[in-house]
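Please read through the structure below; I'll follow up with questions.
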Amino acid sequence: VIFGRPGSGKSSLAERLGADFGYRLVRTGELLRDAVRRRDFLGQRVEAHVAKGDLVPDPLMFELLEKSLTAPVAEKLLFDGFPRTIGQVHRLETIQQHLRFEIDAYLDVAVERDVAVARMTGRRVCPQCGATYHLVTHPPRVPETCDIDGAPLENRKDDRMEVVVFREDLYDRNAPEMLRYYQERHAERYFEVDGNQAFEAVYDAARTALRLSS
Ligand code: AMP
């Protein structure tokens with residue numbers, strides 16, 4: 001499970017770890033944005049929350065998440081964007097029991113708030129596959145074009161300044177309790193990397209912490 005404030009770079013890190021070490025990414029933000037794009041029943045109910053940068057209510061979030069997990073889990077999963085609150089931590093424990101899987105590591109990508117806010121303004125995302133880029137720190141090979149499928153990149157609606165501030169506040173309210181919970185209960189599986197560094201340095205630190213070798 002990977003944690004980090006909005007703009008911490010955790011999604012780029014998750015993508016790279018997934019590609020290099022064969023994890024299937026379970027990304028709740030992406031599942032939600034897909035639902036919004038499909039404009040199905042669930043998508044319509046979550047749209048306003050996502051656009052505001054607010055948390056989607058737990059029942060909707062759990063419904064969507066549980067649909068994307070199959071029993072038994074035969075793959076290596078990397079959770080990106082879930083859990084976000086202590087309530088979701090407990091739900092994840094229930095899902096673990098039902099689907100019988102272990103969580104090997106909790107990785108916190110720790111970044112200063114100001115650094116994160118500055119990064120988010122340059123963020124771009126692929127509307128087709130969900131890959132994330134940054135104009136300065138992680139640019140696509142061809143400007144404004146996805147490396148994976150060639151789709152034109154987009155700015156996320158929730159990367160507007162007032163929404164960014166709202167999302168950072170939300171993180172500061174919810175994350176400390178959740179991270180403390182894991183630090184206290186799973187100290188041997190809890191790792192923190194300094195996410196203020198350049199992407200490659202963060203990636204190397206994460207690999208070292210998780211003992212992943214290429
Ligand atoms: P992300 O791509 O992880 O930054 O998520 C984008 C948006 O999706 C968030 O601002 C929330 O509106 C929503 N979202 C993602 N994950 C969750 C979650 N675990 N619980 C509630 N809402 C979520």
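Would you be able to tell me the number of residues in the range 15-58 that are of a type in the set (Gly, Ala, Ser) and touching a Ser or Thr at 6+ places or on another chain (Cβ under 9 Å)?
Of the residues in the range 15-58, the ones of a type in the set (Gly, Ala, Ser) are 18-19, 22, 29, 35, 43, 48, 51, 53.
Imposing the further condition that a residue be touching a Ser or Thr at 6+ places or on another chain (Cβ under 9 Å) reduces the set to 29.
Of the residues in the range 15-58, 1 are of a type in the set (Gly, Ala, Ser) and touching a Ser or Thr at 6+ places or on another chain (Cβ under 9 Å).
Each row is one residue, and each column tells you yes or no for (1) more than 18 Å from the chain's Cα centre (by Cα); (2) surrounded by 14 or more Cβ atoms within 10 Å (Cβ to Cβ).
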residue	(1), (2)
Arg123	no, yes
Pro127	no, yes
Thr137	no, yes
Val142	yes, no
Leu153	yes, yes
Arg156	no, yes
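Now for a separate question. Being open to solvent by less than 20 Å² (accessible area, probe 1.4 Å) and within 7 Å of the ligand (Cβ to nearest atom) is the filter; apply it to the range 44-79 and report the residue that is nearest to Gly18 (Cα to Cα).
Met61
Under 18 Å from Gly130 (Cα atoms) and in contact (Cβ under 8 Å) with a residue 40 or more places away in the chain: does that describe Gly43?
Working: under 18 Å from Gly130 (Cα atoms): yes; in contact (Cβ under 8 Å) with a residue 40 or more places away in the chain: no.
When the stated conditions are applied, Gly43 does not pass them.
Exactly one condition in (1) closer than 17 Å to Asn174 by Cα; (2) over 12 Å from the mean Cα position of the chain (by Cα) is not met by Pro6; state its number.
Failing condition for Pro6: (2).
List the number of the failed condition for Ala175; all other conditions in (1) part of a loop (DSSP other than H, G, I, E, B); (2) open to solvent by less than 20 Å² (accessible area, probe 1.4 Å) hold.
That leaves (1) as the condition not met.
Starting from the range 84-108, take each residue that is within 15 Å of the ligand (Cβ to nearest atom) and list its partners that are assigned to a strand (DSSP E or B) and of a type in the set (Asp, Glu), counting only C-beta distances under 6 angstrom and pairs at least six apart or across chains.
Cβ pairs passing all conditions: Asp108/Glu192.
Given the criterion of a type in the set (Phe, Trp, Tyr), open to solvent by less than 70 Å² (accessible area, probe 1.4 Å) and within 28 Å of Ala48 (Cα to Cα), identify the matching residue among Tyr106, Tyr133. Show your work before the answer.
Numbers: Tyr106 fails: within 28 Å of Ala48 (Cα to Cα).
Every option except Tyr133 fails the conditions.
Considering Val115, Val125, Val202, Val165, which residue is of a type in the set (Val, Ile, Thr), in contact with an Asp or Glu (Cβ under 8 Å, 6 or more places away or on another chain) and closer than 25 Å to Leu55 by Cα?
Result: Val125 is the single residue among Val115, Val125, Val202, Val165 that is of a type in the set (Val, Ile, Thr), in contact with an Asp or Glu (Cβ under 8 Å, 6 or more places away or on another chain) and closer than 25 Å to Leu55 by Cα.
Tally time: how many residues in the range 5-19 are under 11 Å from Val202 (Cβ atoms), open to solvent by 10 Å² or more (accessible area, probe 1.4 Å) and either without any contact (Cβ under 8 Å) to a residue 24 or more places away in the chain or not in a helix (DSSP H, G or I) (or both)?
1
The values are calculated or read from the model by the stated rules, or taken from the named source; none is laboratory data. These numbers come from a predicted model, not from an experiment. Using ideal geometry, Cβ is built from the backbone for each residue, glycine included, and neighbour counts are taken over all protein chains shown. Side chains included, ligands, DNA and RNA excluded: accessible areas come from the protein's heavy atoms. Shrake-Rupley method; radii C 1.70, N 1.55, O 1.52, S 1.80 Å.
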